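Any read-out appearing in this document is the output of simple, stated calculations on the displayed coordinates, not a laboratory observation. Since this is a predicted model, take the numbers as computed values, not measurements. A quick note on method: Cβ atoms are made from the backbone with ideal geometry, for glycine too, and the neighbour counts reach across all protein chains shown.
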Amino acid sequence: MKKLILSIFLVAMAMVSCNNKSFQEETRQMEWRGVMIDVSRHFYPMDVLKRQIDLMGNYGLNTLHLHLTDAAGWRLEIKKYPRLTDLGAWRTHQTWKEWWAQRPCATEETKGNEWFTPAFSDAQNGFGGFYTQDEMRELVSYAQERGITIVPEIEFPAHSEEVVAAYPWVGYNHAEMDMTKDSTYMFMADVLAEVAEIFPAPYIHVGGDESATQKGLQPEAMRRIQKIVEGLGKRMIVWDEGLTDNPADSAQIIMVWRNPDTATEAIRLGHAVIMCPSNWCYLDSYQDRPQGQPEAMGGYRPLSHIYNVPLDSALCAEATSTGHLLGIQACIFTEYVPTPEILEYQIWPRALAIAERGLGRTRSYEEFHKWAISVADSMRAVGVNAFDLGNEYGERHESLQSVEHVGLGTKVTYNNPYNSYYKAGGDSTLTDGICGTWNNNDQRWQGFIRDIDIVVDLGEEKEVSSVELSFLQILGPEIYLPATVNVSFLREDNSNIASSECKMPVDLYEAPFAVQPYKIESVQKARYLHITAQRTPRRGWLFLDEVVVR
Ligand code: ACM
């Protein structure tokens, strides 16, 4: 029955896909036009991957990068190390969110204890799954028939909780492999040999990101892994820590996931580069007004934003011709993607923007957008759970034009400093009339990793009727609404005329995403406004964009 549904789906998709000729008309196509799917944080059955392969093939994407291993589950059968899947593919909780929240190191008793037993289980009692080698071979040939190469990723040395749980002798601590032991490299050599035999792709990705231990050892460790990979006849891909944290061998291909400018430096040093800077290419983000969308990691990355992924045109022209800009990729990490339906929803139609740039098409954004709406409609018509692009709400309306108010341009004194990473426009941010977007990273929202304590100086005593502050909440990155906001109205001589308080609405405590105004109405003649915002017991971040005084 499943096969029949799949065949009907394929015929339907072939009818709605654009034809191959249009791809051939494009100039400056990138060799790698990819989608990365994280099958570790949540496991997706074979037919779900096949469906994404069909869609990719129909719209000019040609590389499926599978993030097969990570803390939350090892997803590929390795014959020499069966515990990787006997244990490491099955965890104690169905969703990543539940599992992560209860992990032992998240509790007070075990915080700081690096040697805990992660919560894995077995096939009878646990949640998850894995692909057998035969299944993966089948997927590889299914993809090949549709012009798609599958590139496997095996994380090293970090993001390896499941490896250490299965084979503690590989571990430096609960999360990272030991870079000093020969046995670690023997383990990796065995695993990669089996991987190379399953995937005919010319590349193997070995992670290399976000290692927090064994500082200084990683460059040599990555070179040892590189030798193994090259010995298997493959080229090694690493995340961009390979460049910024290590002096990497230029034969290593750099996948740029952080600062897009890193690409220029990598290419200058002779690396080939694949671009997937997270602020543009990560699909674990909201594609429309977050209220009403599936919970996401955070960020607002609609189709238009992804389309504008910065690929400097000179770099693009030069590097594609020299082969150094190998490609571009959308990535979906799946901490907040518990079902195949949400996976599909987050990918489509946004991955079309990556295809468009990778294909080097020259039509205008308006033309592309119109086409993408029709593609999303046709996908939905045949049962693909694509986002309804034609009914997009779009950016936060308040952010689209500046707001006029009595406090505009006035001086703010910070009794508690803002965080330097989220400083936005610095000291003028909260009275510059510019409101934040749906994205906490927009440098319009100012971030505080403490309670807020500021004084706004209106310059002279002025009639004030209300003070309104909007705060952001995004549970994923621990950005929370404040429990309370207090405003004290002070005279010229600093004497307090009145104080008022506004509390967080209780129903928003668990809201995955919220932008909530705290409005204090009190008619006063004041020069100074002393404003404090107190965090809830969860602590975390406070994000504020403007103090609107009327
Ligand atoms: C990554 O997002 N850590 C590559």
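A few points about this structure:
- For the chain, the residue among His65, Gly34, Gly233 whose Cα projects farthest onto the positive side of the dipole built from Cβ charges is Gly233.
- Difference of contour (0.36 nm per residue) and Cα-Cα distance, Asn259 to Glu341: 26.5 nm
- The calculated 222 nm mean residue ellipticity attributable to helices in the chain amounts to -8000 deg cm²/dmol, summing -39500 (n - 2.57) over DSSP H runs of n ≥ 4 and dividing by all residues.
- More than 20 Å apart - percent of Cα-Cα pairs taken over region 392-528: 49
- Among Ile474, Val506, Gln52 - extreme Cα towards positive end, dipole of the chain, charges at beta-carbon: Gln52
- Region 392-447: trypsin sites (Lys or Arg not before Pro) in DSSP coil with no more than 15 other Cβ atoms inside 10 Å: Lys423
- Here each label is just a point 7 Å from Cα along the line to Cβ, and for Ser121 and Ser465 those points are 5.9 nm apart.
- FRET efficiency for Ala381 and Glu98, using Cβ-Cβ distance with R0 set to 22 Å, rounded to 0.05: 0.05
- The phi torsions of region 178-192, fed into the Karplus equation with coefficients 6.51, -1.76 and 1.60 and a -60° offset, translate into couplings of 7, 7, 9, 9, 4, 4, 5, 6, 5, 4, 4, 4, 5, 4, 5 Hz, rounded to whole numbers, with Gly and Pro shown as x.
- In nm, spacing of pseudo-spin labels at Leu508 and Arg83 (7 Å Cα→C-beta vector): 4.9
- In nm, spacing of pseudo-spin labels at Trp169 and Ala193 (7 Å Cα→C-beta vector): 1.6
- Expressed as a fraction of 2.2 N^0.38 Å, the C-alpha radius of gyration for the chain is 1.05.
- Among beta bridges that DSSP assigns inside the chain, antiparallel share in %, nearest 5: 60
- Cut-off 11 Å between beta-carbons: net charge of the residues surrounding Met177, Lys and Arg +1, Asp and Glu -1: -3
- Rh (Kirkwood; distinct C-alpha pairs) - region 159-284, Å: 15.2
- Magnitude of the charge dipole for region 350-474, about its Cα centre and with charges confined to Cβ atoms of Lys, Arg (+1) and Asp, Glu (-1), is about 780 debye.
- Residues listed by number, region 133-168, amide nitrogen under 11 Å from Met46 label point at 7 Å toward C-beta: 133-142
- Hypothetical label at Glu145: residues of region 31-62 whose amide nitrogen lies under 12 Å (7 Å Cα-Cβ projection): 54
- Sequence-separation-based contact order of the chain, relative, with Cα cut under 8 Å and 6+ spacing, percent: 12
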